[in-house]
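Q: Structure in structure tokens, see below.
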Amino acid sequence: MLKEKHLRKPQRKKQRSNVRPGSPSDSHTPARRTQKPPSKHAAGSPHQTKSANSSAPARPPRQGKRPAENTPVILETAACEGFRLIDSGNGEKLEQYGPYRIIRPEAQALWPRALGEAEWASASAIFTGDTDEDGMGRWKFPSEQLGQTWPMRLLDIDFYGRFTSFRHVGVFPEQLAHWRWMQDKIRAGDRTLKVLNLFGYTGVASLIAAAAGAEVTHVDASKKAIGWARENQSLAGIEDKPIRWICDDAMKFIAREERRGNGYDIILTDPPKFGRGPNGEVWQLFDHLPAMLDICRSILSPDPVALVLTAYSIRASFYSIHELMRETMRGAGGVVESGELLLREQSAGRALSTSLFSRWVSP
């Protein structure tokens, strides 16, 4: 069940890292610590000058009226087929992913656990090691040794969960709020929509979009993540769906698309705080995000649907990306809605904030 709620007061908190398992590059992988961002990513795109306080090229500000706004919006993911946040507290969370109960560190779970020790002792896997979001560690299996991967299903899409050394398991269930919303937009469209999934990781969003009827371009700089995404496509049984799997630096790819005049109806972008591309391109979120969003604006189709940004593990209010999105979309009309993504636990109904988001939706 997904809910949208409006709060009276925004909350500032440390968000979860977008560093995800797998390999180096633009994927949501730990390698994002070694990923290089495209400080020269937009090389060759129009009107570039150096910003005085950033290594990223600055582009001329957009003109026109800013879009309407809707804040704060809280998108909440409750229990669903394939995933449950069972309980949380004492700096940890107890989750159900498919057949497995998993315990992972969660710095924002400051409250005590609601369930007793017996419930937590039933976990199939426990992440141990560095408690920092992008820190390495290992998995402990209390009852029996488990394989590295296992089948999962969300929104009628089958894919593989995976135990990685960076605690992540191949899917971020709070994104279900965006995915279900995107799925509805695609199905309600009077034409086949083109979707671009930047920093696409293991491809679950791409598979959901394609199954709903979209033509999808999935971009990630990690060969390992692209391979995992292709495995997920095969498991989902939708090899016949139109998905382009592109292993490339995200900024270089969108800069080329801008020069070529290509466009997309929906763009999803989920960049890391820091990362490196396959050829040493360096990505720093605060330095490069404005240029990235501006290029994304340029490659929206003449009749676009949405531009969706998710930001993990940044020390900022969602208002920072909200105002950036409104500036980026000047003159485009529509509305910018921004806030936080939440998971709702089953035990005591407490909300666990996971990330910030901002999305522009066409008029």
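Q: Determine, yes or no, whether ILE321 is in contact with a Lys or Arg (Cβ under 8 Å, 6 or more places away or on another chain) and either under 21 Å from GLN175 (Cβ atoms) or assigned to a helix (DSSP H, G or I) (or both).
A: For ILE321, the condition - in contact with a Lys or Arg (Cβ under 8 Å, 6 or more places away or on another chain) and either under 21 Å from GLN175 (Cβ atoms) or assigned to a helix (DSSP H, G or I) (or both) - is not met.
Q: For the stretch 227-254, give me each residue that is aliphatic (A, V, I, L, M) and not in a strand (DSSP E or B). Explain how you work it out, then say what you get.
A: Just the residues of the stretch 227-254 that are aliphatic (A, V, I, L, M), to begin with: 229, 235-236, 238, 243, 246, 250-251, 254.
Once the filter is applied, which keeps residues that are aliphatic (A, V, I, L, M) and not in a strand (DSSP E or B), the stretch 227-254 yields ALA229, LEU235, ALA236, ILE238, ALA250, MET251, ILE254.
Q: Out of all the residues in the stretch 191-209, which are part of a helix (DSSP H, G or I) and either more than 17 Å from the chain's Cα centre (by Cα) or not aliphatic (A, V, I, L, M) (or both)?
A: Result: SER206, single match.
Q: Which one of PHE286, PHE199 is closer than 25 Å to ARG315 by Cα, out of contact with any strand residue (DSSP E or B) (no Cβ under 6 Å at 6 or more places or on another chain) and crowded, with 22+ Cβ neighbours inside 10 Å?
A: Numbers: PHE286 fails: crowded, with 22+ Cβ neighbours inside 10 Å.
Result: PHE199 is the single residue among PHE286, PHE199 that is closer than 25 Å to ARG315 by Cα, out of contact with any strand residue (DSSP E or B) (no Cβ under 6 Å at 6 or more places or on another chain) and crowded, with 22+ Cβ neighbours inside 10 Å.
Q: For ASP265, indicate whether it is assigned by TED's automatic domain parsing to the domain that holds LEU196, modelled with pLDDT of 95 or more, within 22 Å of GLN175 (Cα to Cα) and of a type in the set (Asp, Glu).
A: It is true that ASP265 is assigned by TED's automatic domain parsing to the domain that holds LEU196, modelled with pLDDT of 95 or more, within 22 Å of GLN175 (Cα to Cα) and of a type in the set (Asp, Glu).
Q: Ok, one more. Please specify each residue of the stretch 251-266 satisfying the condition of being touching a strand residue (DSSP E or B) at 6+ places or on another chain (Cβ under 8 Å) and more than 22 Å from MET182 (Cβ to Cβ).
A: Result: MET251, single match.
Q: Let me ask something else about it. Can you name every residue in the stretch 251-267 that is aliphatic (A, V, I, L, M) and over 24 Å from GLY189 (Cα atoms)?
A: Residues of the stretch 251-267 that are aliphatic (A, V, I, L, M), as a first pass: 251, 254-255, 266-267.
Once the filter is applied, which keeps residues that are aliphatic (A, V, I, L, M) and over 24 Å from GLY189 (Cα atoms), the stretch 251-267 yields MET251, ILE254, ALA255.
Q: Please verify whether the stretch 54-71 includes one or more residues that are more than 18 Å from TRP283 (Cα to Cα), at pLDDT below 85 and in contact with a strand residue (DSSP E or B) (Cβ under 6 Å, 6 or more places away or on another chain).
A: For the stretch 54-71, residues more than 18 Å from TRP283 (Cα to Cα), at pLDDT below 85 and in contact with a strand residue (DSSP E or B) (Cβ under 6 Å, 6 or more places away or on another chain): absent.
Q: Of all the residues that make up the stretch 337-351, how many are within 18 Å of the chain's Cα centre (by Cα) and farther than 12 Å from ALA78 by Cα?
A: Residues in the stretch 337-351 being within 18 Å of the chain's Cα centre (by Cα) and farther than 12 Å from ALA78 by Cα: 4 in total.
Q: Take the conditions among the basic types (Lys, Arg), outside any helix (DSSP H, G or I), farther than 24 Å from ALA209 by Cβ and in the same structural domain as TRP179 (by TED's automatic domain parsing) and apply them to ARG326. Does it pass? Working first, answer last.
A: Details: among the basic types (Lys, Arg): yes; outside any helix (DSSP H, G or I): no; farther than 24 Å from ALA209 by Cβ: yes; in the same structural domain as TRP179 (by TED's automatic domain parsing): yes.
Criteria not met by ARG326.
Q: Among the numbered criteria (1) of a type outside the set (Ser, Thr, Tyr); (2) farther than 30 Å from ALA188 by Cα; (3) more than 17 Å from the chain's Cα centre (by Cα), which single criterion is violated by LEU285?
A: Here LEU285 meets the rest and fails (3).
Q: Quick one: ASN279 ticks every box in (1) crowded, with 20+ Cβ neighbours inside 10 Å; (2) at pLDDT below 95 bar one, so which box is it?
A: Tallying (1) crowded, with 20+ Cβ neighbours inside 10 Å; (2) at pLDDT below 95, ASN279 fails exactly one: (1).
Q: Right, something else. Working only within the stretch 150-182, note down all residues that are buried (at least 17 other Cβ atoms within 10 Å of the Cβ) and either part of a strand (DSSP E or B) or of a type in the set (Gly, Ala, Ser) (or both).
A: Listed by number, the residues that qualify are TRP150, MET152, LEU154, ILE157, ASP158, PHE159, TYR160, GLY161, ARG162, GLY170, ALA177.
Q: Name the one entry in LYS224, LYS185 that is assigned to a helix (DSSP H, G or I), basic (Lys, Arg) and either modelled with pLDDT under 95 or within 16 Å of the chain's Cα centre (by Cα) (or both).
A: Numbers: LYS185 fails: either modelled with pLDDT under 95 or within 16 Å of the chain's Cα centre (by Cα) (or both).
It is LYS224.
Q: For the stretch 163-174, what are the residues that are on the phi < 0 side of the Ramachandran plot and under 17 Å from the mean Cα position of the chain (by Cα)?
A: The answer is PHE166, HIS168, VAL169, VAL171, PHE172, PRO173, GLU174.
Q: Does the stretch 255-299 hold any residues that are more than 23 Å from VAL216 (Cα to Cα) and assigned to a loop (DSSP other than H, G, I, E, B), and which are they?
A: If the condition is that a residue be more than 23 Å from VAL216 (Cα to Cα) and assigned to a loop (DSSP other than H, G, I, E, B), then LYS273, ASN279, GLY280, GLU281 are the ones that fit.
The values are calculated or read from the model by the stated rules, or taken from the named source; none is laboratory data. Keep in mind the model is a prediction, meaning the values are calculated, not measured. Cβ: placed from backbone, ideal geometry, glycine included. Neighbour counts: every protein chain shown.
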